[in-house]
1. Do we find that L103 is crowded, with 20+ Cβ neighbours inside 10 Å, among the hydrophobic types (A, V, I, L, M, F, W, C) and closer than 25 Å to N236 by Cα in this structure?
2. How about the stretch 106-119: which of its residues are open to solvent by 80 Å² or more (accessible area, probe 1.4 Å), over 19 Å from D88 (Cα atoms) and outside any strand (DSSP E or B)?
3. Scan the stretch 168-175 and tell me whether some residue there is among the hydrophobic types (A, V, I, L, M, F, W, C), in a loop (DSSP other than H, G, I, E, B) and out of contact with any strand residue (DSSP E or B) (no Cβ under 7 Å at 6 or more places or on another chain).
4. Looking at L289 and the list (1) assigned to a helix (DSSP H, G or I); (2) at pLDDT below 90; (3) surrounded by fewer than 18 Cβ atoms within 10 Å (Cβ to Cβ), which single condition is not satisfied?
5. With the requirement that a residue be assigned to a helix (DSSP H, G or I), over 11 Å from the mean Cα position of the chain (by Cα) and without any contact (Cβ under 8 Å) to a residue 40 or more places away in the chain, what does the stretch 177-195 give you?
6. Looking at the stretch 150-173, I want the residues that are open to solvent by less than 10 Å² (accessible area, probe 1.4 Å) and have a partner that is at pLDDT below 95 and among the basic types (K, R) with Cβ atoms under 6 Å, at least 6 apart or on another chain. Which pairs are those?
7. Only helices (runs of 4 or more DSSP H) wholly contained in the stretch 196-268 count here; list those with 1 or more residues that are at pLDDT below 90 and open to solvent by 50 Å² or more (accessible area, probe 1.4 Å).
8. Taking the stated definitions as given, is A180 open to solvent by less than 50 Å² (accessible area, probe 1.4 Å), at pLDDT 95 or above and either of a type outside the set (D, E, K, R) or closer than 14 Å to A53 by Cα (or both)?
Amino acid sequence: MNYFEMSRKFICSVAMPLALMFAACSDDKSVAGGSAEETGIVALENITITAAAHRVVLEPQEGDTLQSGTFAMEGYESRSVAWLYELDSTDFVETGVSYSDTLQHDGDKFNFENVTLKSPYVLVRIFGKSIHGYGGTVQAIVDARKTKDVNLNLLTTLKTSLWRYLAKEGVASDSLDARAERATLDALGIVEKFSGFESKEILENPKYVMAEAAVSSMLIYEWTLIRWTTLDSTMNTLELYGNLDNLDSLVRFEFMKNLANDLADMKWITRGKEDVLDSSTIDDEVKTLYDFRRTFAKVLADVYVKIAGEDRCTEAREGDELKLAGVD
């Protein structure tokens with residue numbers, strides 16, 4: 001597993017009560033336009049595309065008085081199956097050309113060899129569970145001319161729905177990748193902006209891992225499992241509307257409860273005193289872990305506020321309180 005060490009630079013600059021942790025305000029919106037048709041596409045012959053799926057795992061640390069650990073990205077277990085589907089370059093529907101591979105060893109990559117494509121756009125979908133049983137199916141759309149080593153996770157999965165939505169809105173093919181990433185983050189209320197969801201390098205970015213963990217927290221029930229009906233509902237809503245404003249009310253409330261429970265469990269985060277944390281008597285490892293957890297609590301709160309349908313904060317709203325759904 002690849003552990004991510006957090007530094008002080010990720011610390012929230014102001015400690016606020018949990019109910020007040022709203023996202024930074026933003027007027028940025030995705031704007032549709034352009035043509036989805038791409039011309040001059042050159043066929044790809046006998047190429048190799050690799051893929052790997054990852055899930056975020058929170059690892060407890062022995063002797064940790066805060067009873068919380070750090071995140072690790074966990075690969076998928078052997079016998080997991082991956083499929084690669086060629087997509088039409090204008091409407092991004094499957095063309096009927098496909099390739100498959102089965103994982104031979106835990107944590108390995110899938111290999112699609114001798115791949116020949118008329119369109120460079122492919123959908124990669126992986127069925128299985130991560131090594132310690134965190135399920136399940138993830139997917140990604142990529143341009144095989146640019147990306148031949150594909151990382152898949154929950155954010156890449158949701159991004160596929162925004163890709164299709166923007167394509168139907170007429171966004172030019174060469175803009176779809178970046179626009180779909182931005183739309184995904186906006187739909188979830190994630191303030192940080194990332195690029196290259198499918199790259200392996202992004203897994204080294206602790207803030208991206210936190211965003212992935214927050215989405216996992218939203219979707220998970222019964223500790224480690226994803227309720228795929230709610231994931232399907234979320235993806236369908238994103239593909240239809242480009243946001244989650246019209247998310248099914250029962251699904252929305254389930255997501256809010258999941259996020260609220262995690263936030264409530266972290267209430268000690270907001271009660272730390274800066275002068276105590278800055279004390280020389282506090283071990284640096286404890287301080288780093290506290291900063292890490294407080295930053296993650298902020299990301300969870302950002303997603304909660306968005307899913308709850310609340311507007312992002314302004315200076316005029318400072319002091320507003322939001323009661324967490326489904327918790328005391």
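The values are calculated or read from the model by the stated rules, or taken from the named source; none is laboratory data. From a predicted model like this one, the values you see are computed outputs, not experimental measurements. Glycine gets a Cβ as well: all are built from the backbone with ideal geometry, and neighbour counts include every protein chain shown. With ligands, DNA and RNA removed, areas are computed over all heavy atoms of the protein, side chains included. Shrake-Rupley method; radii C 1.70, N 1.55, O 1.52, S 1.80 Å.
1. Values: crowded, with 20+ Cβ neighbours inside 10 Å: yes; among the hydrophobic types (A, V, I, L, M, F, W, C): yes; closer than 25 Å to N236 by Cα: no.
For L103, the condition - crowded, with 20+ Cβ neighbours inside 10 Å, among the hydrophobic types (A, V, I, L, M, F, W, C) and closer than 25 Å to N236 by Cα - is not met.
2. Matches in the stretch 106-119: D106, K109.
3. Taking the stretch 168-175 as the starting set, the residues that turn out to be among the hydrophobic types (A, V, I, L, M, F, W, C) are 171-172.
In the following step, the residues that additionally are in a loop (DSSP other than H, G, I, E, B) were identified as 171-172.
Now drop any that are not out of contact with any strand residue (DSSP E or B) (no Cβ under 7 Å at 6 or more places or on another chain), which leaves 171-172.
Within the stretch 168-175, one or more residues are among the hydrophobic types (A, V, I, L, M, F, W, C), in a loop (DSSP other than H, G, I, E, B) and out of contact with any strand residue (DSSP E or B) (no Cβ under 7 Å at 6 or more places or on another chain).
4. Result: L289 fails condition (3) only.
5. D177, A178, A180
6. Listed by first residue and then by second, the contacts come to N151/K200.
7. Working: elements: 206-219, 228-241, 249-265.
Hits in the stretch 196-268: 228-241, 249-265.
8. Against the criterion (open to solvent by less than 50 Å² (accessible area, probe 1.4 Å), at pLDDT 95 or above and either of a type outside the set (D, E, K, R) or closer than 14 Å to A53 by Cα (or both)), A180 qualifies.
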